Amino acid sequence: MTGAHPLRAKRRRSALRTTAFLSPWLIGFAVFFLYPLLSTLYFSFTRYDGFRQPAFNGLDNWSYVFTDYPLFWPAMRNTLWLVLVMVTCRVAFGLGIGLLITKIKTGVGIFRTLFYLPYLAPPVAATLAFVFLLNPGTGPVNTLLDAVGLPTPGWFTDADWSKPALTALALWGVGDLMVIFMAALLDVPKEQYEAAELDGAGAWARFRHITLPNISPIIMFAVVTGVIQAMQYYAQPLVAGKVAAGVIGGSGQQFEPGYPDKSTLTLPQLVYNLGFQRFDYGTACVVALVLFALSMAFTALLMRRRGGLIGAGE
Amino acid sequence: MSSAHTGRRSSKAVLHWVGVHSLGVAAALFFVLPFVFLLLTSLMGERQALTRDLWPDTWEWGNYAKVWHTPGFLTWWRNTLLYAGLGTLLTVVSSVPVAYALAKFRFRGRRLALLLVIAMMMLPPQVVVIPMYLFWAKQLDLSGTLWPLIVPMAFGDAFSIFLLRQFLLTIPDEYLDAARVDGCGEVRTLLRVVLPMARPGIAAVALFQFFCAWNDYFGPQIYASDNPAAWTLSYGLESFKGAHHTNWNLTMAATVLVMAPVIVLFFFAQKAFVEGVTLTGVKG
């Protein structure tokens, strides 16, 4: 061995050391990411029910998903709706609440805590609470709306209102964005505002020409991470649909997902529906890969070398 | 400055104060009222919970005892604590060295390693669930247990690694160099120098991981759904509503009981939390 050479020995030691420190993740990456991802790709070209051996069937699953599976396009449309509307609303509202909290002078700690708390509510608990709050006949929200003479929608029981109801739930949990925006807003250099004020810029002009450019990377961050979250949106629409439909919980429950009228169906639910209710693992893997392609496309936006939002430390 | 001028100015300031704070109160109502209605309903009788009433006629504190003694409820608690507690411990222990290497070591492929961590962080769990389920259920015969949920956490969690790395980047290299000059190996440097300084970052990661497991619905649904003895609070809560589908009062009491620990923990660890959230977004 040439290990006697001191520099080479040192280099080898340091490579060994790096590998040792990274080893938990290297194993995790191989076992919980790479292997299942390649298996998913393989299964997507097979007919597979988990019992008989996977049988290669070419692009059958793929063409079934895109042309015949009646739930795919509704789920895709809902996911895109949530990506567009829910993310826009969440970012705008989060920014608004962030701006508001930086202006509050008295009791700011209390306000911040109150705005933040719902973000912590477990999603299933928060969803149950909202299905109850927005219960069309008896829920407190419609009782209040009725009292002031506003229309009382059917919310989670009405296909036109179920996604807006989910958006309301998402706005309730906007505390994470508030914190991020608040930190970014407090980082904007004060001198820029003072200079603009001397130039006679009004509140809107200052927001438009100083605040926005300064925090635009954070807005982009919130948008892209929001889009990725929206594509993974699972527990809330599923639980809302099931509870509003009055499905009795427990294992092995078969029910048409997306109540009412497929309106709360999202892509991740299809993986569950195909794989764990219909035992069609091959087709479930096709949907999983569609989801993968979409989320990685948006992740690439986050990580572009130039203008990327998450640097790699260079 | 004339007094008239200051007068106008301060009255404008007062108006601004009133405007901002009324908006604040309005927003606070939006965030707080759901909790209030939740609590009020959880204390109503079964019949009243089905009406439009907002205020309980009688205060049924016994609802909470009833939920607490529902068969299974305590098991769900134990399972959730086990999943969240053990999982958090494993995640922290396995993620710290990885984050340290990514933040402080120079090696070939460092950028690639970080990109892969971020890719894993963004991966929806549904993408790989089919092979993972088959692996745990068919090959190891461990479906219906908490093991498929807990064991993966011993291999570093991408989000925790990323968050910890962001935090460790803020620790100046000079401290590490000083320790190395004093003859500390990397392990000693990590344990003696870095860990004490990284305490807030580790606290944030531990809290996030704890809540992530506490809130997890998909994992228990996949691996534990056919064995109620392995259900967690999130999964059990949904089934609870299903089994008591007319009892909104009990369901809301159960909901309160599931939310309460999260909120209590937040009050003890507010700072770590806010720091963690800020770290993900702002110092990216």
Report summary line: Low-density loop trypsin sites (Lys or Arg not before Pro), segment A:1-100, at most 11 other Cβ within 10 Å, DSSP non-H/G/I/E/B, are A:52
Query raised in the report: If you build a Gaussian network model of chain A, linking Cα atoms that sit under 10 Å apart, which residue out of A:166, A:59, A:289 swings the most?
Result: A:59
Requested in this report: Work out the length of the dipole vector of chain A about its Cα centre, built from +1 on the beta-carbon of each Lys and Arg and -1 on the beta-carbon of each Asp and Glu, and round it to the nearest 20 debye.
Outcome: 1500
Report task. Can you bin segment B:142-196 into rounded, prolate or oblate? Criterion: square roots of the alpha carbon gyration tensor eigenvalues sorted a ≥ b ≥ c, rounded for a/c under 1.5, prolate for a/b above b/c, oblate for the rest. Result -> prolate
Query raised in the report: Hey, what does the equivalent ellipsoid look like for segment A:90-204, semi-axes from the Cα gyration tensor as sqrt of 5 times each eigenvalue, largest first, whole Å?
Result: 35, 17, 13
Query raised in the report: Which number comes out as Rg/Rh for segment B:195-284 once both Rg and the Kirkwood Rh are worked out on C-alpha atoms?
Result: 1.09
Query raised in the report: Is there a simple number for the mean count of other chain Cβ atoms within 10 Å of the Cβ of residues in A:94-104, and what is it?
Result: 3
Query - Residue among A:235, A:147, A:168 with the largest mean-square fluctuation in a Gaussian network model of chain A, springs linking Cα atoms under 10 Å - result: A:147
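Highest mean first, how do B:173-182, A:99-108, B:98-107 rank when packing is the count of other Cβ atoms within 10 Å averaged over residues?
The densest-packed peptide leads the list: B:98-107, A:99-108, B:173-182.
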**Report entry** Residues B:25, A:247, sorted so that the one with the fewest Cβ neighbours within 10 Å comes first
**Finding:** B:25, A:247
Report task. Only Lys, Arg, Asp and Glu count, each charged at its Cβ (+1, +1, -1, -1), so figure out the dipole size of segment A:35-142 about its Cα centre, rounded to 20 debye. Result -> 540
Report summary line: Extension length gain for residue A:84 and residue A:301 (0.36 nm per residue less Cα distance), in nm, is 76.5 nm
Report task. Pop out the Kirkwood hydrodynamic radius of segment B:1-133 from its pairwise C-alpha distances, inverse of mean 1/r, in Å to one decimal. Result -> 22.2
Report summary line: Taking only the alpha carbons of segment A:74-122, the radius of gyration and the largest Cα-Cα distance, Dmax, both in angstrom, are 14.7, 48
Report summary line: Filtering chain A for DSSP H helices with an axial alpha carbon extent of at least 27 Å and a Kyte-Doolittle mean of at least 0.5 returns A:212-231, A:281-303
Report summary line: Neighbour-count ranking for B:150, A:210, A:180 (other C-beta within 10 angstrom, fewest to most) reads A:210, B:150, A:180
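Using the alpha carbons of segment B:86-213, what is the convex hull volume per residue in cubic angstrom, as a whole number?
Looking at segment B:86-213, the number lands at 123 Å³ per residue.
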Query raised in the report: Between residue A:293 and residue A:105, what is the spin-label point distance in nm, taking each point 7 Å from the Cα along the Cα→C-beta axis?
Result: 5.6
**Report entry** Cα-derived Rg over Rh, computed across the protein assembly as shown with Rh taken as Kirkwood radius
**Finding:** 0.99
**Report entry** Shielding by partners, peptide A:286-296 (average Cβ within 10 angstrom, other chains)
**Finding:** 3
Report summary line: In nm², the average projected area of the convex hull spanned by the Cα atoms of chain A is 26.0
Query - Extent along principal axes [Cα atoms of segment A:18-150; Å; largest to smallest] - result: 63, 51, 25
Requested in this report: Describe numerically, in nm with one decimal, the distance between label points set 7 Å from Cα along Cα→Cβ at residue B:140 and at residue B:112.
Outcome: 2.8
Query - FRET efficiency, 1/(1 + (r/R0)^6) with R0 45 Å, evaluated for residue B:246 and residue A:197 via beta carbons - result: 0.15
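Taking the beta-carbon count within 10 Å as an exposure proxy, list A:272, A:259 from fewest neighbours to most.
By the 10 Å Cβ count, ascending, the order reads A:272, A:259.
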Query raised in the report: GNM on chain A, C-alpha springs below 10 Å: top fluctuator among A:241, A:109, A:226?
Result: A:109
Report summary line: Semi-axes (Å, rounded, descending) of the ellipsoid equivalent to segment B:126-284 per its C-alpha gyration tensor are 38, 22, 12
Query raised in the report: Which entries in the list B:241/B:271; A:103/B:12; A:163/B:241; B:12/B:271 go over 25 Å, if you measure between the two C-alpha atoms of each?
Result: B:241/B:271; B:12/B:271
Requested in this report: In Å and from the alpha-carbon atoms only, list the Rg and Dmax of chain B.
Outcome: 24.7, 85
Requested in this report: For peptide B:25-33, compute the average count of partner chain beta-carbon atoms within 10 Å of each residue's beta-carbon.
Outcome: 6
Report summary line: Square roots of five times the C-alpha gyration tensor eigenvalues of segment B:77-153, ordered largest first and given in whole Å, equal 28, 18, 10
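Where a number appears in this text, it was derived from the coordinates with a stated rule and is not lab data. Since the structure is predicted, the reported quantities are computational estimates derived from the model, not experimental observations. Note that we place each Cβ from the backbone using ideal geometry, even for glycine, and neighbour counts take in every protein chain shown.
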